[in-house]
Amino acid sequence: MKARTGYSTSLKQEFLKKWIKGIRIYSNFKKDMNILERKKAIKLSADLAIASTRNASTRWSRTLTANISKNETNKIFVEQIFSDSEVIKKEAPSRLMARSNRIASKKIWRRSHITQIKARKMGPYAVKARSIAKKLVKNRTKVLKSLVPGGENMDGISLIKETLDYIVSLRVQVDVMRRLASAAENSTRSL
Amino acid sequence: MSSRRSQMRQAGVSRITEDQIVDLVSKLQQLIPEIRNRRSDKVSASKVLQETCNYIKNLHREVDDLSDRLSQLLESIDSDSAQAAIVRSLLM
């Protein structure tokens, strides 16, 4: 996974193009949408567009696309969008589960022994403080996993890497959407 | 002893260094406006995680709000105006 730290104009342009293409396709599907359907068209197209800028190279983007395609009504729409570009890869059920169970059991063994050794060195108070800190990190990691698409099956390092990429992509998405909204608002005002 | 080591080899665990983790966490910190300017040794891992989660939630909410705004804009555009034609040709 190539790391992106900032975001370039070309990325924003790619997102904008794909987003608008998606809205157009959706509108051809459903003429005469009410405001809720219109919102769905806009949001769905935006999510598919930002995911597709990663070309299936990140877990979050593959999961996001797969989740959207799971819905029967969306599937046809998604297929139309991707018809001339990349294939929708079916996100394989994670083989990491078995591996992470093995890692988890190893960690449990190590943890139970390390606390005993540390208690001798650090004293019981410090050990307790550290275990509270660890619990905090664990709980917050759980929340993060629920926020990043596909996060549930990721281990620590992958989770942080995916989060980095996901945040950069979300910022691009918000930035472009915000600009379009202001531009549209300004244009309707100026008459 | 040896069973644990072969377990590690089976799982394909690469040695993840402390430095790698610190590096990634500091990169994450750089992205979050709330904690970007604090010294990395003064921000705890749990704080970085907490602010990251809040940031992502805010971004999700913004996407949702902007989708609302845009859908309303398209509804309220007077169908005869020149602006409507421009926006329509762009989006529809």
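We did not get these values from a lab; they are worked out from the coordinates using the rules stated. As the structure is a computational prediction, the values presented were derived from the model and not from experiment. Neighbour counts run over all protein chains shown; Cβ positions are idealised from the backbone, glycine included.
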Problem set entry | Qualifying lysines (Cα of each under 22 Å from Cα of B:K47; at least 8 residues distant if same chain) | A:K128, A:K134, A:K135, A:K138, A:K142, A:K145, A:K161, B:K27, B:K57
For this session: For a footprinting-style exposure proxy, rank A:H113, B:H60 by other Cβ within 10 Å, fewest first.
Result: A:H113, B:H60
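What net charge is computed for the residues neighbouring A:T163, neighbours being all others with C-beta under 11 Å from the C-beta of A:T163, Lys and Arg scored +1, Asp and Glu -1? Don't skip to the end; give the middle numbers.
On the way: positive: A:R59, A:K145, A:K161, B:K27; negative: A:E162, A:D165.
Result for the neighbourhood of A:T163: +2.
Taking the Cβ of A:F15 as the centre, find all other residues whose Cβ is under 12 Å away and add up their charges (Lys, Arg: +1; Asp, Glu: -1).
So the environment of A:F15 carries a net charge of +4.
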Exercise. Could you put A:R140, B:R61 in order, starting from the residue whose Cβ has the fewest other Cβ atoms within 10 Å?
Worked result: B:R61, A:R140
For this session: Give me the lysines in straight-line cross-link reach of A:K30: C-alpha distance below 25 Å, same-chain residues under 8 apart excluded.
Result: A:K17, A:K18, A:K21, A:K39, A:K40, A:K43, A:K70, A:K75
Seminar exercise, completed: Shielding of A:173-181 by other chains, given as the mean Cβ count within 10 Å, works out to 5
Exercise. Average partner chain C-beta neighbours within 10 Å, per residue of A:12-25?
Worked result: 1
Seminar exercise, completed: Classified through the alpha carbon gyration tensor (a ≥ b ≥ c as square roots of its eigenvalues; rounded if a/c is under 1.5, else prolate when a/b is larger than b/c, else oblate), region A:1-79 comes out oblate
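Averaged across A:46-56, how many Cβ atoms of other chains sit within 10 Å of each residue's Cβ atom?
Numbers: counts 4, 2, 0, 0, 1, 0, 0, 0, 0, 0, 0.
Mean shielding count: 1.
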Seminar exercise, completed: Quick note on A:R59, B:R38, A:R178, ordering by fewest other C-beta atoms within 10 Å, gives B:R38, A:R178, A:R59
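If you add up the charges near A:N74, with Lys and Arg at +1 and Asp and Glu at -1, over every other residue whose beta carbon is less than 11 angstrom from its beta carbon, what do you get?
Working: positive: A:K40, A:K70, A:K75; negative: A:D47, A:E72, A:E79.
With Lys, Arg at +1 and Asp, Glu at -1, the neighbours total 0.
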